[in-house]
Amino acid sequence: MGADVTHPSPGDKKKPSIAALTASMNKSASLYKAEVRVQQHRQEMIAEMENLVYDMLVEFDETTCDGKAKQIIFYRDGVSEGQFREVMEVEINAIRRACARVTKDYKPGITFLVVQKRHHVRFFPVRREDGIGGSANVPPGTVVDGDVTHPTEHDFYLCSHFGIQGTSRPSHYHVLCDENGFTADDLQQLSYELCHLYFRCNKSVSYPAPAYYAHLAAFRARQAWEGKDSRDSASMSSLQSDVDYSHVDLAWSTKVHDKVKCNMYFL
């Protein structure tokens, strides 16, 4: 699974935030379903996480016809380090409640990772001839899990993409919960392999496909809503940010038809 929240542009005081959740619907983690929800202005925690995860678990069970998911591996994008405790208290507990709603004895192992790209850490090869591309970046698949990582928490840096121009920025992964008992090598290998499943590119991308797809779904929902908002408005003036937005209208404008949800419409 992957999740992301998109927020309105700076200066806007009323437009809502849009949360998106994606989940794989087959064993090879290549087919994804997306769900989007409108929530309060600039709210980072996903308010309907429990309902979203429950719907995805039920859909997975019905789609694969191979029983319920035994493990949940979740990649969360867009969360800062100061929000980790809130994520653990709100979103991870919401995932557990969603599992309990499926059946009372259903307790799959949950592994929850936060993926960050907004940092200033960069890595360079010791010898320039070992670098990749014109900028001599570190090769894809480079992992750093010591020296510059947190002394007590489980985190690592993974540079999974090919740096075409400029200096590559590695993704920073924080493991907030691991009930499946993965080793550090297992999580690093899995994260790197998921970076190869992004259908828009025939090379590996900078962070795992589930989180990338969630970002695209949230962005698509915002574009659909803003397009409707601009058509319904007489003009796109500076007064637009003072309009009161109905939650019902917002939910309707971002609603995706049931026949399209599993077709990866966001690509």
Exercise. Picking from R122, R101, R200, which is most flexible by a Gaussian network model of the chain using Cα springs under 10 Å?
Worked result: R200
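How would you classify the range 103-228 from its alpha-carbon gyration tensor, with a ≥ b ≥ c the square roots of the eigenvalues: rounded for a/c under 1.5, else prolate if a/b is greater than b/c, otherwise oblate? Can you show the working numbers first?
Values: a/c = 2.06, a/b = 1.17, b/c = 1.75.
It comes out oblate by the Cα gyration axes.
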For this session: Determine the calculated [θ] at 222 nm for the chain from helices alone, applying -39500 (n - 2.57) to every DSSP H run no shorter than 4 residues and normalising by the residue count; nearest 500 deg cm²/dmol.
Result: -8500 deg cm²/dmol
Seminar exercise, completed: Options (1) 1.00; (2) 0.95; (3) 1.06 for Cα Rg over 2.2 N^0.38 Å; the value derived from the coordinates is listed as (3)
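Evaluate the relative contact order of the chain (contact order divided by residue number), counting alpha-carbon pairs under 8 angstrom at least 6 apart; express in whole percent. Intermediate results must be reported in sequence, preceding the final value.
Numbers: 480 pairs, mean separation 60.4, N = 267.
Once normalised by length, the contact order is 23 percent.
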Exercise. Put +1 on the Cβ of every Lys and Arg and -1 on every Asp and Glu Cβ in the chain; which of T111, L21, I164 then has its Cα farthest towards the positive end of the dipole?
Worked result: I164
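Strictly over 19 Å apart at the Cα level, which of K15/K255; K33/K255; K33/K259; K27/K70; K27/K203 would you flag in this model? Display every interim value, and only then the final one.
Numbers: K15/K255 17 Å; K33/K255 14 Å; K33/K259 11 Å; K27/K70 11 Å; K27/K203 21 Å.
Among K15/K255; K33/K255; K33/K259; K27/K70; K27/K203, the Cα-Cα distance tops 19 Å for K27/K203.
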For this session: Could you please state how large a percent of the accessible area of the chain is carbon and sulfur, counting protein chains only and using a 1.4 Å probe?
Result: 50
Exercise. At a Förster radius of 30 Å, what calculated FRET efficiency corresponds to the Cβ-Cβ distance of N202 and A100, to the nearest 0.05?
Worked result: 0.15
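What does the charge dipole of the chain about its Cα centre add up to, to the nearest 20 debye, if the Cβ of each Lys and Arg holds +1 and the Cβ of each Asp and Glu holds -1?
On the way: 31 positive and 35 negative charges, 130 e Å.
With Lys and Arg at +1 and Asp and Glu at -1, about 620 debye.
The values are calculated or read from the model by the stated rules, or taken from the named source; none is laboratory data. Just so we're clear, the structure is a prediction, and the values are computed from it rather than from any experiment. Don't worry about glycine lacking a Cβ; one is built from the backbone with ideal geometry, like all the others, and counts go over all protein chains shown. Accessible surface areas use protein heavy atoms only, side chains included; no ligands, DNA or RNA. Shrake-Rupley method; radii C 1.70, N 1.55, O 1.52, S 1.80 Å.
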